[in-house]
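The values are calculated or read from the model by the stated rules, or taken from the named source; none is laboratory data. Not measured: the values here are computed from a predicted model. So basically every Cβ, Gly included, is an ideal-geometry build from the backbone, and we count neighbours across all protein chains shown. Please note that ligands, DNA and RNA were not included when accessible areas were found on the heavy atoms of the full protein model with its side chains. Shrake-Rupley method; radii C 1.70, N 1.55, O 1.52, S 1.80 Å.
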Amino acid sequence: MSRRPFAFPPKKRAAFTLVELLTVIAIIGVLAGILIPVGSKARASAHLAECTSNLRQVGVAINLYATDNRGTFPGALYTGQGPRFRSTDVGSLAQTLDRYLPSSTPTNVVGAKMQECLKCPAWEGQTRDVTSTSYQLNVAPTGWGVSPFGRIQNDITINPPMKLNQINSFDLARTWMMIDADEEWANQVTPRPSWSTRVPEKPVHGGIRNVLYYDLRVAQAPLTMTR
């Protein structure tokens, strides 16, 4: 008669105690508190870098346009410039530079395109209207006597755009051409632009704004920079 092997009684499965469970939850909370701000900062840095790259491409496109048009700036242009445009638009930088910029994409509006180089990702995440202004253009850097991009009103050109060699009277390296649009910035502009209520309330990059200067350099300007 064979003997049955001795069977050990099954071990009881150890359970977490309440103290252990609370400890694990606390550790997860601490890690989340560390990782979430790090992720937010990394995302903000990526948005800033993409916006900077976009503005550089816009500067290159303006220079290429001028080269093809006997040294003349694109224009006449409105001060508020956004990413959406149609081929029939007047006063639109996106429309004027379409052939010189690499990435315009169709939209769900018939005949309308979106120019990615004029769509800062930080702006896109905060704007109240993606068809509105993403950048303000400095069309009168030293007063209305000098309008490199010309003047336009109600789709009618008041002054034609100027030539590159006509703007040597002011400091190109210190004169801004385009800047991030937000309501705080718009409040400094006189008269207050009509697009001011449709842009982000605060600067989209936090304590700085991205700026394209007339020498085609891109830099980050502090919020203390005035109009």
When Thr190 is run through (1) within 18 Å of Asn63 (Cα to Cα); (2) without any contact (Cβ under 8 Å) to a residue 60 or more places away in the chain, the failure sits at (1)
For the range 161-208 the number of residues that are under 15 Å from the mean Cα position of the chain (by Cα) and surrounded by fewer than 17 Cβ atoms within 10 Å (Cβ to Cβ) is 5
Filter the range 209-218 for residues that are within 18 Å of the chain's Cα centre (by Cα) and not basic (Lys, Arg); the one that is nearest to Asn69 (Cα to Cα) is Leu216
**Message:** Going by what's in this entry, would Gly150 be described as of a type outside the set (A, V, I, L, M, F, W, C) and free of Cβ contacts under 8 Å to residues at least 40 places away in the same chain?
**Reply:** no
Among residues of the range 106-131 being more than 25 Å from Leu216 (Cβ to Cβ) and touching a helix residue (DSSP H, G or I) at 6+ places or on another chain (Cβ under 9 Å), the residue surrounded by the most Cβ atoms within 10 Å (Cβ to Cβ) is Val130
How many residues of the range 58-73 are under 11 Å from Leu101 (Cα atoms), touching a residue at least 60 places away in the same chain (Cβ under 8 Å) and either in contact with a Leu (Cβ under 7 Å, 6 or more places away or on another chain) or open to solvent by less than 10 Å² (accessible area, probe 1.4 Å) (or both)? The answer is 3
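To keep it simple, each residue is scored yes or no on (1) of a type in the set (A, V, I, L, M); (2) at pLDDT 75 or above; (3) in contact with an Asp or Glu (Cβ under 6 Å, 6 or more places away or on another chain).
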{"site": "Arg13", "(1), (2), (3)": "no, no, no"}
{"site": "Val30", "(1), (2), (3)": "yes, no, no"}
{"site": "Thr52", "(1), (2), (3)": "no, yes, no"}
{"site": "Val60", "(1), (2), (3)": "yes, yes, no"}
{"site": "Pro74", "(1), (2), (3)": "no, yes, no"}
{"site": "Ser92", "(1), (2), (3)": "no, yes, no"}
{"site": "Glu116", "(1), (2), (3)": "no, yes, no"}
With the condition kept exactly as written, say whether any residue in the range 78-87 is of a type outside the set (Lys, Arg), surrounded by fewer than 18 Cβ atoms within 10 Å (Cβ to Cβ) and at pLDDT 95 or above. no
